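Just so it is clear, none of the values below were taken in a lab; they were calculated from the coordinates. The model shown is predicted, which means the values in this text are computed figures rather than measured ones. When we count neighbours, we look across all protein chains shown, and the Cβ atoms used for this are built from the backbone with ideal geometry, even at glycine.
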Amino acid sequence: MDDSLALAGDFELWARFYQHTDLYGVAIPLGAYRLHGDQKTTRHFADYMQEADRILQTYSGQQRPDHPLKT
């Protein structure tokens, strides 16, 4: 794990998984999380997206497509 990441450590973990195998989605929820105003990713969403972009560039050489939640 890259301990320099303050917000997107879980995203980086999934990028590492993808380096070893294809990832698949399922049609039913397997877990959930709640959103609240005091979350780091809520308060610092633009910073999270920048970290995610750097991770994608590191692991795939590409930036993510525009996301509807992008600020």
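Quick notes on this structure:
- Of the criteria (1) in contact (Cβ under 8 Å) with a residue 40 or more places away in the chain; (2) touching a Phe, Trp or Tyr at 6+ places or on another chain (Cβ under 8 Å), which one L23 fails: (1)
- When the stretch 3-19 is filtered for residues that are within 16 Å of D47 (Cβ to Cβ) and either without any contact (Cβ under 8 Å) to a residue 40 or more places away in the chain or assigned to a loop (DSSP other than H, G, I, E, B) (or both), the ones remaining, listed by number, are S4, L5, A6, L7, A8, G9, D10.
- Members of the stretch 20-57 found to be among the aliphatic types (A, V, I, L, M), out of contact with any helix residue (DSSP H, G or I) (no Cβ under 7 Å at 6 or more places or on another chain) and not in a helix (DSSP H, G or I), listed by number: V26, A27, I28, L30, A32
- Screening the stretch 3-15 for residues that are charged (D, E, K, R) and loosely packed, with under 14 Cβ neighbours inside 10 Å and picking the one that is nearest to the chain's Cα centre (by Cα) gives D10.
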